[in-house]
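First, the structure itself, so that you have it in front of you.
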Amino acid sequence: MIFKRLRADIDAYMERDPAARSRAEVVLCYPGFQALLFYRLARALWRHGWRLSGRIVSHVGRMLTGIEIHPGAKVGDRCVIDHGSAVVIGETSVIGDDVTLYQGVTLGGTSPAIDSRAQADKKRHPTLADGAIVGSGAQILGPITVGEGARVGANAVVTRDIPRGVSAAGIPARVILPRDKKKAKDREFVAYGTPDDLFDPVLRNIDSIRSQLTMLAGRIEELEDRLGQYENPGTERPIENDEEKTDAPAKALRGSRKRGVA
């Protein structure tokens, strides 16, 4: 049973990582797969009541791979931990099939350290449904659920449930794509959990600045044309508004009175 699952894990790496050129390379050079190997062994010991032995095997795996998977966690088939460094999966975490995790991901708990014994048998860590993708550095905290096929962007902090088939990003994480439920069902695998059509506020600001620069350039050109007309010899300045037209006769009358007094 363990070897069957490990074989499925290897196939998942071959399918989702274009850098994987052979199964031997996955086994020998991928710390994510090696961590899963130690986890599968530790989990078997844990389930049969050999709790301390399971923790020891898990600890050895953490020292060798830099990935910590508690033997009490439940990890499904065809799981991929890509790059893998600093991944932490807590004791009551549940991971479904075909899930992808990237480096620096934490599936952590939020229970207080006070009276920790009372928390021992309670659900404290998240559940990732089948096909979920969690980007690098993301923190998923507490007994929440990330829905089937959902994507969590890099460095997001998730403290609430994420619906199935959507993308979430930010601190705190919020749903950003897609709004349409039909589109949510048809979304494909996206590396690092960040789709290409993700809203980018930086690009939006750049587009806004470009629009304003275009408008200002047109305005400057218009003002230069008007200034050029005034600078031509023999060109009188036109009266621009009704106020100047109204004041013109009064100014002429005042000028004639001044000349008469002089």
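Within region 153-173, is there a residue that is in the same structural domain as Gly104 (by TED's automatic domain parsing), surrounded by fewer than 15 Cβ atoms within 10 Å (Cβ to Cβ), modelled with pLDDT under 90 and of a type in the set (Lys, Arg)?
Scanning region 153-173 turns up no residue that is in the same structural domain as Gly104 (by TED's automatic domain parsing), surrounded by fewer than 15 Cβ atoms within 10 Å (Cβ to Cβ), modelled with pLDDT under 90 and of a type in the set (Lys, Arg).
If you don't mind, there's one more thing I want to ask. Hey, can you tell me all the residues within region 99-123 that are modelled with pLDDT under 90, assigned to a loop (DSSP other than H, G, I, E, B) and not acidic (Asp, Glu)?
Within region 99-123, Gly109, Thr110, Ser111, Pro112, Ala113, Ile114, Ala120, Lys122, Lys123 meet the criteria.
On the given criteria, is Val57 of a type in the set (Val, Ile, Thr) and either over 25 Å from the mean Cα position of the chain (by Cα) or surrounded by 19 or more Cβ atoms within 10 Å (Cβ to Cβ) (or both)?
yes
Right, something else. Based on this model, can you work out whether Gly84 counts as surrounded by 20 or more Cβ atoms within 10 Å (Cβ to Cβ) and assigned by TED's automatic domain parsing to the domain that holds Gln139?
It is true that Gly84 is surrounded by 20 or more Cβ atoms within 10 Å (Cβ to Cβ) and assigned by TED's automatic domain parsing to the domain that holds Gln139.
If I filter region 87-109 down to residues being touching a residue at least 40 places away in the same chain (Cβ under 8 Å) and closer than 14 Å to Thr145 by Cα, which single residue comes out as surrounded by the fewest Cβ atoms within 10 Å (Cβ to Cβ)?
Gly96
Residues of region 16-38 being part of a helix (DSSP H, G or I) and either without any contact (Cβ under 8 Å) to a residue 40 or more places away in the chain or not assigned by TED's automatic domain parsing to the domain that holds Gly72 (or both), which ones?
Scanning region 16-38 gives Arg23, Ala24, Glu25, Val26, Val27, Leu28, Cys29, Gln34, Leu37, Phe38.
Let me ask another. If you check Arg78 against the conditions, is it buried (at least 16 other Cβ atoms within 10 Å of the Cβ) and assigned to a loop (DSSP other than H, G, I, E, B)?
Yes, satisfied.
The values are calculated or read from the model by the stated rules, or taken from the named source; none is laboratory data. Predicted model only: the values in this text are computed from it and were never measured. FYI the Cβ positions are ideal-geometry reconstructions off the backbone, even for glycines, and counts take in every protein chain you see.
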